[in-house]
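Only one structure is covered here, and it is reproduced in the block below.
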Amino acid sequence: MENMGHPEIYPIVLTTKTQEIFNCRVDEDFTDEEPYKLIKKQDILADFHNRAAPPEVPEEQEEYKEFKDYSPEDISVYKPPISKPWVSLGSEKEVEEESVKESTKQITYMISRKRSQFGAPIKFSDQNASSIKDAYIECTAYPDKNFTLKVLEKDVGMQVVPHIKDTSTQTKWTYPKNAATQYYPREFSEEEKEILGQSKPLTDFLNNASISCHAYKERDNNAFPEMWEGEARTIKRKRETGTGIVMVLAKNNVEIALQQNEIMNTFVDDWKCLAEEESSFGDKTDTHLKEYQSFTDLHSLTEKMITCVSWHPDIYGLIAVSVAVRLSFEERVHFSGKLLLQPSLILFWSFSDPIHPQLMLESPDDIFCFKFCPTNSNIIAGGCINGQIVMWDITAHAERIENIKTGGSRSKKATLKPMFLLEPDSNKEAMYIRHSAVSSIESGHKKVITDIHWLSDTFEINRMGSVFENRSEICCQLVTCSADCTICFWDIRPQKASTPQPVEKKKEESIEIPLDIPSTFLHLDLSWKPLSKIRLSKGETSLDHCPIKISLSEDHLLHKAQDKVLAQNKVVKAEEMNPYHNLESGLANLLKPIEDFCTKFFVGTEEGEVIYTDWKMERDPDTGRLMAKKPVNLYTVHDGAVHTVQRSPFYNDIILTIGGWNVAIWKEGIMTGPLLQSSCAPRKYTSGHWSLTRPGVFYVGREDGYIDIWDLLEKTHEPAHSQNICITMITYIKPWTFSAKQQFMAVADYYGTLHILEIPWTLSHPSGNEVSSISHYFEREVKHLDYVEQRKKIREQEKKEMELEKEKKKVSQRLLSLTVEEMPSHLLPFCKPRPESSSQANCSKIAPSHPLKTYQKTKEQLEAELKMDYENYLELEKTVLINLGLLKATDTMPFMDVMKETFL
């Protein structure tokens, strides 16, 4: 207490009543003018006796004992509380309502183990979680409407700042005046000119300038002869006076510099250009694919995978994906009843809404491939797992999906919002669209359709495969390939019936069309048959090749410019005339055939083969039926199914094939093999695609969720970069150019998630000479293949010559071992008898009278001599056998057959 103030002054607390008695109330009796008041101690003690209420004095003070003596004893009598029975006033109900109780039932796990395994050593090992079923569970976050709370009150902070405005002003002169100034040059006087003209420094300077001028004259005399002649005359005239020579030389030098500036740009920064080239080739800092968005169907009750991805050709930010159930063939058969109750869909996703699909296209079965029509993006064709082709017409919904991309305004750009900022729309209903037509299941493919392409709008084909001009200028034909070893061409136009049906029968068969199904392709529904069907025969056997992917030489989608303005790609609206409503019958009029049209295309098979064949048909001379031509070339390069066959968007004759564990690049017209063939990858490849802006870059997806980025300018033997995207198999890759500064790549995985990745600047912007560099690389590889092929022919020729030489030595050894009687008569003039010994008196040996000819002969001469020697040897052997009695001279059978019967 001593540190609180004066040692003899102690604080005391006065109650409000006590303050009123002593007139010491705060803010009333105590003011700034009278901050203190004196109260006697005797008055305070008297107040204790009168009111018997001691002041609130801290117990630590010893002086409190003095005041305690004056307080009466009967005032502080303690009375303990008395227990009473509980009387309920309703509070226990409120407590029960406010208490938290567990509503969910707790899960109980029981883990058991054999007693023999107690204390046993444990060995841990690594394994791929994606290869084992139910090895892990992915719990993705999603908003739950049951726990969504609307915020009624928010704490918002605001700061008021003054508006800043930049202003400027220009003061105009009230009285403008025109003024001019003339400058006169300062010249030497006549005396100074004479002194300077005879000085040695000026003479040396003029001599040096004349030498340099003559050097320029020698270099450019052929280009500018008139200029130099006039200059010589001027210099000669000026030299007489000794003045003005410097100005003439300077003027000529300036003219030469101006002419050089017209030829080359002197303002180019060579160092800056060199730095750009180096950064484009060797910079490794900006090669990472950044995830921009992801889409997952949260309403799907079954486990599905994405089978095909396609960006909308006209509406940026809209992407369509087809999904299929992750089941094997046996599991599909087992759960066929349940699968019929679940719809098979193509989902349309938009960047503006990552949760709800914008459109859902229904199909009779799971879709494994689909394509937008190049001439009308509202027409979609897809291939089912059961072999049927499905057609959709979304013209009636074109305006809806066009407004979705920007939230109802075309002027605004599509913005990506976080998922927690997207308010759930409880009234939003999914837009299901039924198919317009489906092909006949009896006449089409028998197995899953693995690839589908629209033919270009510049041509069309007939049943024989002949190419004609397309007068309608719209895409009307399709080509599909299937696992049933067939390639089919389809025409969506109505075909003329061979026998006209009666009108009454047509009326009986008429069926009412639902209002939500467009009648664009009603003539094809359940009666659509292929225009022609091709089977790729293996030749000698009765088996056929199983095509998986195809690549046509006139692929419209690959050569379509993707950076066009949206106004050029007009979407056909519902109120406008749809050209597909009034389709004429196919080849109704006589069309002009197209000459010199390449009808050959590449095919990737299930066995890993790459086939180069022709789609034109030919008639069998025996049966008269139409049949496909034999493949032009067949290569077995891949060790697994070929799932990617794609032409380069920069070079129409360069093809990329991916299958099994390796990658190959081909050039159309080169029959010797691939230009590039990679080594085996660490994991199996599952998909791939060329880069849309860089000719030397392509992307390859693997089964472990990695993407290999190949850059042929940097490396040609291995990927330049590898990046992990997901934890499961990548099923499809599809890049797209959003703008000149932004590119995206859609990556689909086996678990049904669509990842949108942003391609970095390094992988999207080519260098200045990349197109020519990659073209020169392909040309060098072609020359290398030709060299290797020539070396093979040389080695084969050398091998045949060595074999012929060996055979020739064998024949000469046989001739040396024959006797005179065994020697043929036509060879006796060329031989002479050997010297006889005593032990060889009965048989006379012969030897060649001259050495064997060993000079170089042609291949035909060597083969003819060898054949003649062999026939002579057979005759000699037959004569020997007849003399020995082993063969009869009257036998008419060939000698070789007789030998077989004799010794076998």
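The values are calculated or read from the model by the stated rules, or taken from the named source; none is laboratory data. Since the model is a prediction, treat every value here as computed from it, not as a measurement. When we count neighbours, we look across all protein chains shown, and the Cβ atoms used for this are built from the backbone with ideal geometry, even at glycine. The area values use the complete protein model at the heavy-atom level, side chains included, leaving out ligands, DNA and RNA. Shrake-Rupley method; radii C 1.70, N 1.55, O 1.52, S 1.80 Å.
Taking trypsin sites (Lys or Arg not before Pro) across region 618-678, the ones in a DSSP loop with at most 16 further Cβ atoms lying within 10 angstrom of their Cβ are Arg625. Checked against a 32 Å cut-off, the cross-linked pairs Lys446/Lys600; Lys105/Lys145; Lys538/Lys859 give Cα-Cα distances beyond that limit for Lys538/Lys859. Placing R0 at 41 angstrom, the Cβ-Cβ distance between His288 and Glu473 gives a FRET efficiency of 0.40 after rounding to 0.05. Using the Kirkwood radius over Cα pairs, work out the Stokes-Einstein diffusion coefficient for region 718-817 at 37 °C and 0.692 mPa s, in µm²/s as a whole number. Answer, rounded: 167 µm²/s. The order of the peptides 133-145, 160-172, 764-776 by mean Cβ neighbours within 10 Å, most packed first, is 764-776, 133-145, 160-172. Length gained on full extension, Ala120 to Met802, computed as 0.36 nm times the residue gap minus the Cα-Cα distance: 238.7 nm. Highest-first packing order for the peptide set 787-793, 869-875, 670-676, 178-184 is 670-676, 869-875, 787-793, 178-184, based on the mean count of other beta carbon atoms within 10 Å. Between Glu330 and Val880, the simple label model (points 7 Å from Cα in the Cβ direction) yields a spacing of 6.5 nm. In this structure region 118-194 gives 122 Å² per residue of accessible area when probed at 1.4 Å with all protein chains present.
Protein heavy-atom surface of region 625-748, 1.4 angstrom probe: 52% of the accessible area is carbon and sulfur, with nucleic acids and ligands not counted. The length gained on full extension between Leu38 and Ser83, counted as 0.36 nm times the residue separation minus their Cα-Cα distance, comes to 11.2 nm. In this label model, Gln742 and Ser772 are separated by 3.4 nm, measuring between points 7 Å along each Cα→Cβ vector. Extension gain for Leu202-Asp166 works out to 7.0 nm (0.36 nm per residue, less the C-alpha to C-alpha distance). In this simple spin-label model, placing a label point 7 Å from the Cα along the Cα-to-Cβ direction at both Ile21 and Glu860 gives a separation of 15.1 nm. For the peptides 715-722, 117-124, the ranking by mean Cβ contacts within 10 Å, running from highest to lowest, is 715-722, 117-124.
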